[in-house]
Structure formats: C-alpha cells, structure tokens
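See below for the structure under consideration.
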Amino acid sequence: MTSVPQAGWLRHRVHLPLPDLDAGPVRFIAGLRPKRRGSYRLEVARQGQKTVVHNYGHGGAGITLCWGCAEEVLDLVRASAPDRQLVPVAVLGAGVMGLTAATCLREAGYLPTLYTSALPVATTSGIAGGPWSPSLVDHDPSPVGQAIFERLLRRSFDAHERRLGQGFGVFRRDLYTPVPSLSLAKLPPGLIPEPEQLEELPFATVPGPGFRYDTLMIEPPILLARLEQDLRKAGVRFESRHFRSAAEVETLPESVVINCTGLGSREIWPDERLHPLKGQLAILPPQPGLDYLFSDQRGYVFPRSDGVVVGGTYTYDEDPTPDPEVGRRLIQEMKHRFGQAPG
Ligand SMILES: Cc1cc2nc3c(=O)[nH]c(=O)nc-3n(C[C@H](O)[C@H](O)[C@H](O)COP(=O)(O)OP(=O)(O)OC[C@H]3O[C@@H](n4cnc5c(N)ncnc54)[C@H](O)[C@@H]3O)c2cc1C
C-alpha cells in the first residue's frame, strides 16, 4: 500500500511514480459486458422437469459480485435440492460466475459439471480489468432489492478479502480520483473506509485536490486460472457444449441447472433486457514500480502482473473486435491527464 502522510491538510507531498504511457508494445483487447437493464438476474425458475437458477446480467461488475452471487446460488440450490449427495448439478458457462458458483457448490458437497462453449481464458471474464466496481451494474432499487444487492456486495467483498495473498489475484490497492469515484458510488456503508480527501493528489504532474480510497483489485487472469485449476483438482468435469435453446438444456441429465452464460443467455432464454456494453482496454508492458489505481470521468489506469491497463469505454455494440484507434485514444487521454501530452 502506498501511504500519504496527512494531518488535516497534506503538509508534505509524496509523489508517486507515474505510469509510463509511452511504453510498448501495447495490446488492445475488447469484450462485451452482459448488461441487463433494471437489474442482474439471480432467481429460480422451472424449465420442464428442471430447476434452473439464473445468474447473469452483471454488466461491468461481474468480477466484483461473483462470490456474493455464487453463495446466493448455493442458498437457492440448498433450498430446492437439500439432499446434495443425490442431486447432480449442471453449471452452464465457465466465466467468473460459472466458476465461482461451481466452487461454492463443490465445497458444499455437490458434484457439479460445467457445460460451456468457451473455456475461462476465452470468456468476457478473461477480458475484464479487475478493480472492485460495484456501481457498474443495475439492481432493483426497491428496499428489498437494495438489501439483497448490499448482501451480495458484502458477501463478495468478504470472500475476495479472505483470498488476499492466497494466489487468487486479489490485492488491496489505493485508488486515487480527482472527483468522487463513480464506480464506488454504490458501496454499502462501512464496507471500505470513507475516502480520504486530499488537498493535492500525489502526482507531480496532476495538480488539484482529490480522493484516496482503500479498495480491492482482482486480477481476472489469475483468479480464473486458479478457480479452473482447483475445480479440476476437485474432480469437476468441464464439458464443451453450446446450447441454442432451453429445450436443449432440458436434455441434460442433471435435474438442477445453474445458468451462468452471461450475454449468451439471450440465445437460450430470450431476455430483451440483456444487451452488450462493449469495453476496450489497452495493455502496456508490466511496470512493477506502480501499485495504485487511478480513475477520473474519462478513464482509468492501473497495474496488473501482466501489464498496465488503460480503459474506460462503454458503448452499445455487438462487435467484440478491439479497435486500436480507440485504444490509442485511451492512452492519449491518460497521457493528457498525467501531463504527458497536450489536451
Ligand atoms: C473491458 C471490460 C472491463 C471489465 N472490467 C471489470 C472490472 O474491473 N470489474 C468487474 O467486476 N467487472 C468488470 N467487467 C465485467 C465482467 O467482465 C463481467 O461482468 C463478467 O465477466 C460476467 O461474467 P459471466 O460469467 O456472467 O459471463 P462470461 O465471462 O461471458 O461467461 C459466460 C460463459 O458462458 C458460456 N456460454 C455463453 N453462451 C453459451 C451457450 N449458448 N452455450 C454454452 N455456453 C455458453 C461462455 O462460453 C462462457 O464460458 C469488465 C468487462 C469488460 C468487457
């Protein structure tokens, strides 16, 4: 953790190292966030003879919410199929939602099978950036919906935090912002400390006041690889399968099905509220001297083990192909923000 000495107002400015935004080579990647208008979907439904637990539509917050949703899935399965020795469970999808749901089920004594059209590394979850971002998903704003959402966030935060230093790619990080962070706007009270108000941000080339949040960073490539490895070790099978309809799902041998197919849910269970929200990232080479996150209204930059990530685009688009021009613009805007390029 970086620490900025403070007594009321900042007396001494401690300047943190700046990202080298000219470093190369740069990789450009893009993915489609499974955004569901109004709310993510986490509920039980019937499909013929099967009990289906839907768990999809988490927009730009799937990595953030995964454990909370997985524990909730387990509660729903326990309630509808309490005799775990006798109930085979099918988990559809091997993104972060499918992997964490399968992990919780396996730990509780069920033997899930994962059916998926793509392995974890090739999913949207494998594209995600990784900062704890609870605000980038719609949830039911009614008092009940709000209470459930806060429970998911608390369970998820605790579960990520328990995995700090355990090889799941979870780190505590300082987040610096010139204005209150939009991605942390939906935090339940007391989950992380109140942000510290800074008279000056701790960057030589970024003048002006700001905020420091003590938050979590989850590196999706590490998390997904570890979850897949642990599941395989625990005897969970990964079956390559692409479902085109709910009728196809009904042919599975398992009587309980957990639907974690993200945006793919549209093909199986048409849902007009679900749509893609494209995000693009530029990934520069790793810079081990950096250990903080930075974001403003126009974008974000943060270090991971596999590179320094610059991002912050949200567009309604069905095409997951990265556009290098967009990636270069993200870098250029961040250079401007860090005083390394004209506006
Ligand atoms: C650029 C970008 C940055 C992001 N940054 C963050 C972040 O910092 N923090 C955060 O919390 N979230 C972030 N997200 C959002 C996060 O990636 C998603 O919310 C999350 O990955 C959704 O996970 P999922 O398991 O529901 O879906 P997916 O990862 O898409 O997995 C779906 C799985 O279902 C399978 N599948 C789909 N259709 C079918 C079918 N018909 N038959 C069989 N299998 C099927 C797929 O093969 C896949 O295995 C980001 C997303 C993007 C694009």
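None of the figures in this text is laboratory data; all of them are computed from the coordinates on show. These figures come from a predicted structure and were not determined experimentally. Cβ placement follows ideal geometry from the backbone for every residue including glycine, while neighbour counts extend to all protein chains displayed.
Would you work out if the range 18-337 is rounded, prolate or oblate? Take a ≥ b ≥ c from the square roots of the eigenvalues of the alpha-carbon gyration tensor; rounded if a/c is under 1.5, else prolate when a/b is larger than b/c, oblate otherwise. Prolate shape, in that a/c is at least 1.5 and a/b is the bigger ratio.
Relative to the longest principal axis of the Cα atoms of the chain, the long axis of helix 220-233 lies at roughly 30 degrees. Compactness ratio for the range 59-156: Cα radius of gyration over 2.2 N^0.38 Å (N = residue count) comes to 1.13. Using a Gaussian network model of the chain in which every pair of alpha carbons under 10 angstrom is joined by a spring, one finds that among Asp22, Asp174, Asp214 the greatest mean-square fluctuation is at Asp22. Peptides 88-98, 305-315 ordered by packing proxy, namely the average of other Cβ atoms within 10 Å per residue, highest first: 88-98, 305-315. Note on Arg78 and Asp140: their simple-model spin labels are 2.1 nm apart, each label 7 Å out from Cα toward Cβ. Highest average first, the peptides 296-302, 269-275, 58-64, 102-108 ordered by how many other beta carbon atoms sit within 10 Å of their residues are 58-64, 102-108, 296-302, 269-275.
May I ask you to derive the FRET efficiency for Arg329 and Asp306 from their Cβ-Cβ distance with R0 = 25 Å, giving the value to the nearest 0.05? Taking R0 as 25 Å, the efficiency between Arg329 and Asp306 is 0.70. Candidate cross-link partners of Lys278 among the lysines, defined by an alpha-carbon separation under 24 Å and a same-chain spacing of 8 or more, comprise Lys35, Lys186, Lys335.
Spin-label model, Arg162/Glu250: points 7 Å from Cα along the beta carbon direction are separated by 3.8 nm. Along the Cα-to-Cβ line of Glu107, 7 Å from the Cα, sits a label point; which residues in the range 144-171 have backbone N less than 13 Å from it? From the range 144-171, the list is 155-164, 166, 168. Note on the range 199-280: with charges restricted to the Cβ of Lys and Arg (+1) and Asp and Glu (-1), its dipole about the Cα centre is near 260 debye. What shape does the range 189-255 take by its C-alpha gyration tensor, where a ≥ b ≥ c are the square roots of the eigenvalues and a/c under 1.5 counts as rounded, a/b above b/c as prolate, and the rest as oblate? Note, shape of the range 189-255 comes out prolate. Taking every DSSP beta bridge that has both ends in the chain, the antiparallel portion is near 70%. Between the helical axis of 324-337 and the longest alpha-carbon principal axis of the chain there is an angle of about 40 degrees. 3J(HN,Hα) couplings calculated from phi for the range 22-35 with the Karplus curve 6.51 cos²θ - 1.76 cosθ + 1.60 (θ = phi - 60°) are, in sequence order, 9, 5, x, x, 9, 9, 10, 10, 8, x, 10, 5, x, 8 Hz; Gly and Pro show x. Across the range 110-118, coupling constants 3J(HN,Hα) worked out from phi with the 6.51/-1.76/1.60 Karplus curve, θ = phi - 60°, read 7, 10, x, 10, 9, 10, 8, 7, 9 Hz, and Gly and Pro carry x. Between 0 and 90 degrees, rounded to the nearest ten: what's the tilt of helix 143-162 against the longest Cα principal axis of the chain? Between the helix axis and the principal axis of the chain, the angle is about 70 degrees.
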